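See below for the structure under consideration.
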Amino acid sequence: MPQTIAVLDFGSQLTQVIARRIRECQVYSKIYHYSTPAARLRAENVAGIILSGGPQSVYARKAPHPDPAIFELGVPVLGICYGVQLMGRFLAGEVEHSKAREYGHGVLTIRKPGKLFAGLPKKLRVWNSHGDKLTRLPPGFHAIGTTENSPYAAIEDVQRGFYGIQFHPEVFHTERGVDMIRNFLLGVCGAKQDWTTRDFIAHAIEKIRAQVGQGRVILGLSGGVDSSVAAALLHKAIGRQLTCVFVDNGLLRKDERAHVEQLYQRHFHIDLRVVDASALFLRRLKGVSEPEKKRKIIGRTFVAVFEKSIKSIGHVEFLGQGTLYPDVIESVSIGNNPASLIKTHHNVGGLPKRMKLKLVEPLRELFKDEVRRVGSALGLPREVVWRQPFPGPGLGVRVMGDITADKLEILRNADAVLHHEMMTSGYYYKVWQSFCVFLPVRTVGVFGDERTYDYVIAIRVVESTDAMTADWTKLPHALLQRISSRITNEVRGVGRVVLDISSKPPATIEWE
Ligand code: XMP
């Protein structure tokens, strides 16, 4: 059994971020329920323990508490935020209950670098989010760092290898936070840096096989990064026990279906079923122009088609999904998170309940960049691994107003030109998204000796890091000129090309 760093989860949304930082240091870690008995941790060869943050007060009636014996295992412990309060509470310090939370940036002054802060500058910006506060150190501890509001922002007990930090080293807003975690892992716990993407894959394969046994798994392949990587990983684990279903909803980009067939059937030899449901989708969408209504129809039709194809396959026990950790957070943070709304459109989440399928989600703990690394290691090409996001409802929300086969054809052809130019200029991988939008507006033009009365295509190219905000990309004029003249010359039905120069907010990335 590999040497493990145990992350005890006290309910913080940041627990997975801690695990992710540990992976970044190439150290193997596992997240455990906060109440995991110390004996189990010992049996699992734990080399160090990290106590996560958590939303509760240590004094709350139902506050999550660890097995006190974890402090007697003889392995180092790092308490983060709530984890420090627990150390205060369990190791005979004093913790003051506070109703107000300290939230936001602070400046950490390192008083004694020791092992935790080795190699770091004396002052660092750190990010706080805590309620309770340590007011007296447990015996054996010393303060090694202070902030404006706390003389005990960082504490250590060198003898036992116990460390506590009030702020969150795992978040991006804490300067050199990963170095602090690395120092704890390597300098304090003596952990080995031998956990790589290949190890993740090997481990995931074992887990998939253990879960699935001889059962059959079905996976809806969209061609996007997440479902593609999930398919490649599942296929490596269980081969022909996996069946992928690709639904052609008629709202795909040019040649997309052929690319998917080529890659998964011919290259990976995956059992891929392509269902051509384009006529059904178009029929149901006929005359519908309201964006949310379109999305609902597309979502429902997808589920119906997918469900039918499962039935035709025979007995299936499992549903494979490319759920990533950010999706997990989004699906638990209810209400005001627009990202969670976005996900609902494309979610096949209703399926397992009705069809009694068990979920297999091998990417559930990973973040997008990690999934990309896994995809590359599995041999997926760059065009798949680094593909731009594409909305579930596809071109359905890029044809403004009601959708017809003719309009889709025009949009597809224009989009293919843009895609080609973005690829050959190298801009495709530099921007967040680049696509065309079909405007059902006819404008006058001249073509040769004739007057024309044709549609308008809008070009939308944006930069973003998370799709929550975005700015339009200032493509070189020469490139814009080429895109525009190629579209107006090569795509029948388009008389004019316009450029969208709106940022998000107030505009959104998509037009519908
Ligand atoms: P907006 O247009 O809201 O888009 O700025 C933000 C990101 O979400 C994508 N998007 C969708 N993805 N189903 C999806 O799966 C949808 O209905 C949907 N609408 C927007 C959009 O492409 C961008 O990346």
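The values are calculated or read from the model by the stated rules, or taken from the named source; none is laboratory data. A quick note: this is a predicted structure, and the numbers were derived from the prediction, not measured. FYI the Cβ positions are ideal-geometry reconstructions off the backbone, even for glycines, and counts take in every protein chain you see. Each accessible area value is taken on the protein alone, full model and side chains, heavy atoms only, with ligands, DNA and RNA left out. Shrake-Rupley method; radii C 1.70, N 1.55, O 1.52, S 1.80 Å.
List of remarks:
- Contacts under 8 angstrom Cβ, first residue in the range 372-397 being within 16 Å of the ligand (Cβ to nearest atom), partner part of a loop (DSSP other than H, G, I, E, B) and among the basic types (Lys, Arg), 6 or more apart: PHE390/ARG253; GLY394/ARG253; LEU395/ARG253
- Selection from the range 104-122 of residues that are surrounded by 16 or more Cβ atoms within 10 Å (Cβ to Cβ), of a type in the set (Gly, Ala, Ser) and assigned to a loop (DSSP other than H, G, I, E, B): GLY114
- Looking across the range 72-100, the residues that are open to solvent by 30 Å² or more (accessible area, probe 1.4 Å) and assigned to a helix (DSSP H, G or I) come down to GLU72, ARG89, PHE90.
- Subset of the range 123-145 [more than 34 Å from the chain's Cα centre (by Cα) and not aliphatic (A, V, I, L, M)]: THR135, ARG136, PRO138, PRO139, GLY140, PHE141, HIS142
- Residue in the range 453-512 that is nearest to the ligand (Cβ to nearest atom), counting only those that are in a loop (DSSP other than H, G, I, E, B) and hydroxyl-bearing (Ser, Thr, Tyr): THR508
- Within this structure, VAL446 fails the test of being within 16 Å of the ligand (Cβ to nearest atom), out of contact with any Asp or Glu (no Cβ under 6 Å at 6 or more places or on another chain) and within 17 Å of VAL497 (Cα to Cα).
- Test for LYS30: is it in the same structural domain as GLN159 (by TED's automatic domain parsing), open to solvent by 20 Å² or more (accessible area, probe 1.4 Å), without any contact (Cβ under 8 Å) to a residue 40 or more places away in the chain and in contact with an Asp or Glu (Cβ under 8 Å, 6 or more places away or on another chain): yes
- Residue list for the range 430-439, filter: in a loop (DSSP other than H, G, I, E, B) and in contact with a helix residue (DSSP H, G or I) (Cβ under 8 Å, 6 or more places away or on another chain): VAL431
So that you can scan it fast, the table gives a plain yes or no per residue for (1) more than 20 Å from LEU359 (Cα to Cα); (2) touching a Ser or Thr at 6+ places or on another chain (Cβ under 9 Å):
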residue	(1), (2)
GLY239	no, no
GLU256	yes, no
GLU261	yes, no
ASP276	yes, no
ARG284	yes, yes
LYS308	no, no
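- Residues of the range 449-468 satisfying the condition of being open to solvent by less than 80 Å² (accessible area, probe 1.4 Å) and closer than 18 Å to ARG496 by Cα: THR452, ASP454, TYR455, VAL456, ILE457, ALA458, ILE459, ARG460, VAL461
- Test: residue in the range 412-429 that is assigned to a loop (DSSP other than H, G, I, E, B), within 14 Å of the ligand (Cβ to nearest atom) and surrounded by fewer than 15 Cβ atoms within 10 Å (Cβ to Cβ): no
- Test result for PRO393, open to solvent by less than 30 Å² (accessible area, probe 1.4 Å) and either assigned by TED's automatic domain parsing to the domain that holds ALA237 or within 23 Å of GLN262 (Cα to Cα) (or both): yes
- In the set ARG160, ARG136, ARG182, ARG125, only one residue is in contact with a Cys (Cβ under 7 Å, 6 or more places away or on another chain) and open to solvent by 10 Å² or more (accessible area, probe 1.4 Å); that residue is ARG182.
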